[in-house]
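Working notes, structure below.
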Amino acid sequence: MRNKYWMWLVALYWASSSYAQVCQPEGMAFRVKEEAFNRSQVEELSQFMTDELGPRLAGSQMSERAEKLVVEKLKEWGLTNPRTEVASKFSRGGWDNEKNYVAMTLPYYCSFSANPKAWSGSTNGLVKGECVVLDVKHKSDLEKYRGKLAGKVVLMPVQQEYQISYEPLASRYTDEQLQRMTLDRRPGKPRQASDSESRKAMQELQNAVTSFMKTENVLAVVSGGGTFNVPTSRRVEYQVGDSQPVPEIILPIEDHGRMVRLLNRGKKVEMELDIRNRFTENLHVNNVMAEIPGSDPKLKNEVVLIGAHLDSWHGGTGGADNASGCIVMMEAMRILHTLGISPRRTIRLALWGAEEQGYHGSRGYASKYLYDSEKKKALAGYDQFALYLNMDFGSGRFRGVYLEESDQAVPFFETWMKPFKSLGFNTLAPFKVGNTDHVSFSVLGLPAYQFIQDPLEYGRTYHTTMDTYERLSLEDLKVNAAIVAWLALNAAMDNERIPVKPGYPEAYSR
C-alpha cells in the first residue's frame, strides 16, 4: 500500500511537471517594472504613433509613410533586423483623402463633421445640389427613382437613432465581472444560427443601390453613423481597375437625421460638398518586423511573437485602435533590449498590416511561415511557434488573458503572471474571443492569445474620427508594456512551452 502511495505521488509530480512552469526571478521582475515605470517612453511613443504618423488606412500612402517611420524608430533603438515584409496581395489598392468639406446650405447654413467612406470617389470640385431621401427596401423600389436623381445628393434612410444612456461613458471591469469571466462557457455554449442568407440578400440589395446611384449620376450619397457629432469610418467595395465610385459620406446620426426629418416634412434641403480622394495602385500589404535574437543553440529558432495591427481607419489617427497596441508592443521590446536581456528563444515584434480589412497581415504571415492551406501542410515555423500575444481591445489596462479554450495554457499563465497580480492582472478566461489578429494563429491550434482589457470608452470611439491621442490612457499603457515584456521573457526562457491544441493542425485541415 505504501509503495502504491509513493508511486501515485511520483506520477502526480510528473504529470504536474510535464510542463515546467518556471517564473523568472523576482529581481528580473523588478528590473522590468523599473524600466517600464520610471524610464518609460510610452508618452513619446503615443505622440509618435498618433500625432506624427497620422491616419494609416491599409494600402494608403499614409500607411506606407508610417511603416517607414516605424522601421526607422526600431533601428534607432538598436533592435535586430527592423524591416517591412510583404504579407499578402491587396486588390483594393491605396486610397487617401485629401480634401473634405460638407455642409447644408438650405434651409440654413451648417457645416458638418463629415467622413468620406474609404475607397469612395471624389466630387468634381465644389458641387451643390438638392437632397432627396432614397427609401429602398427591395430592388424593385429603385424604379420609382429612375431618371430623377441626376445632380442630386442622395440621403440614405435613417438606420440608427440616438438613445439616451445612463451608463458611464468610460468604465473598468469590476471584480464581479472578472470573476464571471473565469467560468468555462463550453458546456452551455449554444450553436450559432446561420444568417448567411439574410446577409447575402442585404449585400445584393446594397450592390444594386450602389450600381443604380452611379448610372443615375448622383452628386453624392450620404449616410448616418456615429453619435455625439462624431462620424464613423466605413468603406465602399472597390477593386483596382474599377471605375471610380460615387462619393459617399458618413455624417453623425444627429446631422444626417436632421436633414432626413426636414425632407420627410416636405422642407427643401440643399448641400454643398468638396471631396477629393486619391487612388493609388498599391497592391500589397506589409508587416513591420524586428527581433531580439535567441541565444540558446537548441531553442533560438523558436519564436515568441508579440504584435498589434499598425493600420487604422482614415477618420482619426487610430489612437485606441490600434496605435495603443503598437505602443505597448514596441515599448515591451524596448524594455527587454534596454535591459540587455539575451532570451533563449527569439522574441519577434510584428506590427500587422490591413487588420481592419480582414487580417491580411497576420494571415499572410501564417501562410508564409506556419501553414500552407492549399497543401494542407504545416511549415517549419509551425513547430517553432512558442507563443503569440496580441493587443487590440483599446487602451485599457490588462486584467488577464482570454485562453481560447486552451486548458494546457493555464499552468503557464498562472505561474508567469504572479509578479503582476498586484496591478490587477489576475484573470484567466477560458473562452475564445474573435475579431483580431490572434485568430490567424489560434485557428491553427497554436498558442495565441488576446488580453482582457478594461473597456474604458472604447465602444464609442473606435472606428470614428474621435479615435486620436486623447483616447490613450498612458498609465495603463505603461502597465501593459511591462506585462508583455515580462510574459514574452518568461516564454522565451522557459524549458517548456504551451503545447499546440491536441489534434492540430490536422483539425484545421478538415
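The values are calculated or read from the model by the stated rules, or taken from the named source; none is laboratory data. All values reported here derive from a predicted model rather than from experimental measurement. Cβ coordinates were reconstructed from backbone atoms using ideal geometry, including for glycine residues, and neighbour counts include every protein chain displayed.
How many of the residues in segment 410-447 are in contact (Cβ under 8 Å) with a residue 60 or more places away in the chain and on the phi > 0 side of the Ramachandran plot?
Total meeting the criteria: 1.
Taking the options Ile250, Ile327, Ile335, Ile275, name whichever one is buried (at least 20 other Cβ atoms within 10 Å of the Cβ), touching a helix residue (DSSP H, G or I) at 6+ places or on another chain (Cβ under 9 Å), part of a strand (DSSP E or B) and not acidic (Asp, Glu).
Ile250
Please give the number of the condition Val102 fails out of (1) surrounded by fewer than 19 Cβ atoms within 10 Å (Cβ to Cβ); (2) under 34 Å from the mean Cα position of the chain (by Cα).
It fails just one condition, (1).
Starting from segment 60-81, keep only residues that are on the phi < 0 side of the Ramachandran plot and in a helix (DSSP H, G or I), then list their pairs with residues that are surrounded by fewer than 19 Cβ atoms within 10 Å (Cβ to Cβ) and polar (S, T, N, Q) whose Cβ atoms are within a distance under 7 Å, requiring at least 6 positions of separation or different chains.
Gln61/Thr280; Glu67/Thr84; Val71/Thr84
One line per residue, one yes/no per condition, for (1) among the acidic types (Asp, Glu); (2) in contact with a His (Cβ under 6 Å, 6 or more places away or on another chain); (3) crowded, with 21+ Cβ neighbours inside 10 Å:
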| residue | (1), (2), (3) |
| --- | --- |
| His360 | no, no, yes |
| Lys368 | no, no, no |
| Glu374 | yes, no, no |
| Lys377 | no, no, no |
| Leu387 | no, no, yes |
| Tyr402 | no, no, yes |
| Gln408 | no, no, no |
| Leu428 | no, no, no |
| Gly434 | no, no, no |
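Suppose we keep only residues that are surrounded by fewer than 18 Cβ atoms within 10 Å (Cβ to Cβ) and among the aliphatic types (A, V, I, L, M) within segment 469-510. Which one would you say is farthest from Glu34 (Cα to Cα)?
Among residues in segment 469-510 that are surrounded by fewer than 18 Cβ atoms within 10 Å (Cβ to Cβ) and among the aliphatic types (A, V, I, L, M), the one farthest from Glu34 (Cα to Cα) is Ala507.
Taking segment 121-173 as the search range and keeping residues that are in contact with a Pro (Cβ under 7 Å, 6 or more places away or on another chain) and not in a loop (DSSP other than H, G, I, E, B), which one is surrounded by the most Cβ atoms within 10 Å (Cβ to Cβ)?
Looking at residues that are in contact with a Pro (Cβ under 7 Å, 6 or more places away or on another chain) and not in a loop (DSSP other than H, G, I, E, B), I get Val133.
With the requirement that a residue be farther than 20 Å from Asp274 by Cα and either touching a Leu at 6+ places or on another chain (Cβ under 6 Å) or of a type in the set (Lys, Arg) (or both), what does segment 206-251 give you?
Phe212
So which residues in segment 49-59 are touching a residue at least 24 places away in the same chain (Cβ under 8 Å), charged (D, E, K, R) and in a helix (DSSP H, G or I)?
Hit for segment 49-59 is Asp51, nothing else.
Please find, within segment 157-176, the residue that is modelled with the lowest pLDDT out of those that are under 30 Å from Leu273 (Cβ atoms) and touching an Asp or Glu at 6+ places or on another chain (Cβ under 9 Å).
Ranking the candidates gives Tyr162 first.
When you scan segment 48-58, do you find a residue that is exposed (fewer than 15 other Cβ atoms within 10 Å of the Cβ) and among the basic types (Lys, Arg), even just one?
no
For segment 102-159, which residues satisfy the criterion of being farther than 28 Å from Pro55 by Cα and small (Gly, Ala, Ser)?
Gly129, Ser140, Gly147, Ala150, Gly151
Would segment 187-209 turn up any residue that is buried (at least 20 other Cβ atoms within 10 Å of the Cβ) and not in a loop (DSSP other than H, G, I, E, B)?
no
Residues in segment 283-298: is at least one assigned by TED's automatic domain parsing to the domain that holds Ser63, crowded, with 17+ Cβ neighbours inside 10 Å and either hydroxyl-bearing (Ser, Thr, Tyr) or in a loop (DSSP other than H, G, I, E, B) (or both)?
yes
Restricting attention to segment 217-234, does a residue exist that is loosely packed, with under 13 Cβ neighbours inside 10 Å and assigned by TED's automatic domain parsing to the domain that holds Thr123?
So far as segment 217-234 goes, yes, one or more of its residues are loosely packed, with under 13 Cβ neighbours inside 10 Å and assigned by TED's automatic domain parsing to the domain that holds Thr123.
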